[in-house]
């Protein structure tokens, strides 16, 4: 393939006048070279140096020639790493190391791979610090903490304490404050971006990457939440075009991390059109480090059957294949394709980003929308109070297909999420994981609320957690687990401090999509009471199936 | 560190309290939650910094317009009831949905 003449500027993967600390570069916790591919139709170096540069410098759409490289719309892996988002938010998180416990919640829940963790043995940490420029050494050293989890436990176990560092990548952070919200230790706070703060953040991020990878001696295989300390789990880089605080972004990152922890970059994704395909392939930016393809809204599982057959022909039976789609693609438009794939018994895994609405096209009702939800196709008015149908339950439908692994989870329930994903990967056959994902603009919640609302959805039976594993026995009762739901033997969760029932009405009260169902005195509408009853009936059905009733 | 940013003594004058909130609101970042005690309110932002309004609590009718002013998600039917807990917590993260004011 003919390669266009490259401009005589520093590589996009190196420091430049515009990016003096090289924050926009490949690799998440350490630097990496471009991920090359052996394809005659895609020259990664040309793409990244010419096309990405064009878009990053603002002339891409107008001045790049409409040649074959552009016309094919192929995007190399991980090009979103080169994208600069440092200008879009007025605030950025600041790390307070003395308060940090090393819980990794902030790193896990960030939708943009913009807050990163690292652990090093104290001896190697000191050596590496000594090699840093003297002017920056004390500033950076002060950002490391001695936590019980890594330092004291490490010292007890091996004689060497683990030094822990959290860093914010200022080029990828969108300022949603999800990390600050999930931190229970006051170890993060939002601060206004000033030149001084941004220079320190950029410099610190650069030094963080220069320190090399985490020392795996300090990463416990039993603590699933620690997996993002490893570079190989960062399959979903920062730089995707999702909204600030997007619940889907976090879910996709965690899906990729869990799969990457077992299979590295040796797996692939077939995506159904929706928000997820828009923000992960807004030309020319791609956050995935694994092969990814998108055909249509309705046929992703069918498309995956073809990919799986070809991979198996090539002897690639070991490679996992995920299908990713929203509730519109899986509950509605692609439902037949999904059912057909289940019936095939093929080793294909499906991950549903369930926002209960067609988020990408402006918020139309799907069959996953809750009763009463105010959407563009079920507008709340005088005659009709929002959606009048009941929500479809994809998990129950999937369970009734022969031998399918099924889970319902959320990214806020980290252990449940990871167990569900790892269980699906271990299962030799079709699997589906429906994941509750907050959509800030369509649900009517603030940018920092993805985790809070997902937890509330579970607590109020709006979206119960479940894992249905056909390997667990020969009855539904043996296969279905409702572990992780609060008060799993009762109807509603009883708040331990107030002794009050927490119901679907409480969930609805906290989101803008249901606000029209409350009168001036705060009383819920008849439709919303019907929605509450619907959620209770759904929960009781699950309890019955799990042998709890 | 979390910090108390401002205090206001409620003097049975709801408009004055709402004026206090309007005047000082910029001192907090995005609001996260409110704790309503028997005799006071604490309004928290995402950093944990807070305002305290003293002299009004969940038993009082006057607390309703104050909670509405900060977009708290509370149930007026149970708001004034006694609680076994020290305080009642309400989230303040509810927002308008995208294009809420028009039908597509």
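No lab work stands behind these numbers, since they all come straight from the coordinates. What you see is a predicted model; the values in this text were computed from it and never measured. As a convention, Cβ positions derive from the backbone with ideal geometry for all residues, glycine included, and neighbour counts pool all protein chains shown.
Label-to-label distance for residue A:141 and residue B:69 is 5.0 nm, based on points extended 7 Å past Cα in the beta-carbon direction.
Just the number, please: percent antiparallel of the DSSP beta bridges in the stretch A:320-389, rounded to the nearest 5. Don't skip to the answer; put the middle values down first.
Values: 3 of 8 bridges.
Among the beta bridges of the stretch A:320-389, antiparallel pairing accounts for roughly 40 percent.
The stretch A:418-487 and the stretch A:276-323 have their alpha-carbon centroids 23 Å apart.
Each of B:98, A:539 has some number of other Cβ atoms within 10 Å of its Cβ, and from fewest to most they run B:98, A:539.
Spin-label model, residue B:39 to residue A:16: label points 7 Å out along the Cα-to-beta-carbon direction sit 6.4 nm apart.
Volume of the convex hull of the protein assembly as shown (Cα atoms only), normalised per residue: 173 Å³. Here the gap between residue A:313 and residue A:494, fully extended at 0.36 nm per residue and compared with their Cα-Cα distance, gives a gain of 59.8 nm.
Calculate how many DSSP beta bridges within chain B are antiparallel, expressed in % of all such bridges and rounded to the nearest 5. In chain B, DSSP labels about 75 percent of beta bridges as antiparallel.
Calculate how large, on average over all directions, the projected area of the Cα convex hull of the stretch A:232-272 is; give the answer in nm² to one decimal. For the stretch A:232-272, averaging the hull's shadow over all directions gives 3.1 nm².
Using alpha carbons only, how many degrees (0 to 90, rounded to 10) separate the axis of helix A:335-344 from the longest principal axis of chain A? Tilt relative to chain A: about 80 degrees. For the protein assembly as shown, the antiparallel share of DSSP beta bridges with both residues in that region comes to about 60%. With Cα atoms as the point set, the radius of gyration and Dmax of the stretch A:6-163 evaluate to 20.0, 62 Å.
Run lengths n ≥ 4 of DSSP H only: what is the helix-derived mean residue ellipticity at 222 nm for chain A, with -39500 (n - 2.57) per run over all residues, to the nearest 500?
On the way: 20 runs with 171 residues, N = 549.
The helix-only estimate for chain A comes to -8500 deg cm²/dmol at 222 nm.
Residue separation of residue A:194 and residue A:217 scaled by 0.36 nm, minus their Cα-Cα distance, works out to 4.5 nm of gained length. Test of understanding: extend the Cα→C-beta vector of residue A:61 to 7 Å, then name every residue of the stretch A:275-293 with backbone N under 18 Å from that spot. Counting backbone N atoms under 18 Å from the label point, the list is A:278-286.
Can you give the relative contact order of chain A as a percent, counting alpha carbon pairs under 8 Å and 6+ residues apart? Please report the intermediate quantities before stating the final value.
Numbers: 1121 pairs, mean separation 64.0, N = 549.
Taking the mean separation of contacting Cα pairs over the length of chain A, I get 12 percent.
At q = 0.12 Å⁻¹ the log10 of I(q)/I(0) for the stretch A:27-112 amounts to -0.55, computed by Debye summation with a single uniform scatterer per C-alpha, solvent ignored. Distance from the Cα centroid of the stretch A:97-120 to that of the stretch A:29-66 is 30 Å (rounded to whole angstrom). Between helix A:450-459 and chain A, what is the angle of the helix's C-alpha long axis to the longest principal axis, kept within 0 to 90° and rounded to the nearest 10? Long axis of A:450-459 versus the principal axis of chain A: about 30 degrees.
May I ask you to derive the FRET efficiency for residue A:131 and residue A:184 from their Cβ-Cβ distance with R0 = 41 Å, giving the value to the nearest 0.05? Before the final figure, lay out the partial values.
On the way: r = 35 Å, r/R0 = 0.85.
Once rounded, the FRET efficiency stands at 0.75.
The calculated FRET efficiency for the pair residue B:100 and residue A:296, based on their C-beta separation and a Förster distance of 41 Å, comes to about 0.85. Spin-label model, residue A:487/residue A:152: points 7 Å from Cα along the beta carbon direction are separated by 3.5 nm.
Would you mind calculating the relative contact order of the stretch A:210-322 from Cα pairs under 8 angstrom and at least 6 residues apart, reporting the percent as a whole number? If you can, show how the numbers build up before the last one.
Numbers: 133 pairs, mean separation 29.5, N = 113.
Dividing the mean separation by the residue count of the stretch A:210-322 yields 26 percent.
Angle of helix A:247-263 to the longest C-alpha principal axis of chain A, folded into 0 to 90 degrees and rounded to 10: 70°.
Its relative contact order, with pairs defined as Cα atoms under 8 Å and 6+ residues apart, puts the stretch A:383-498 at 23 percent.
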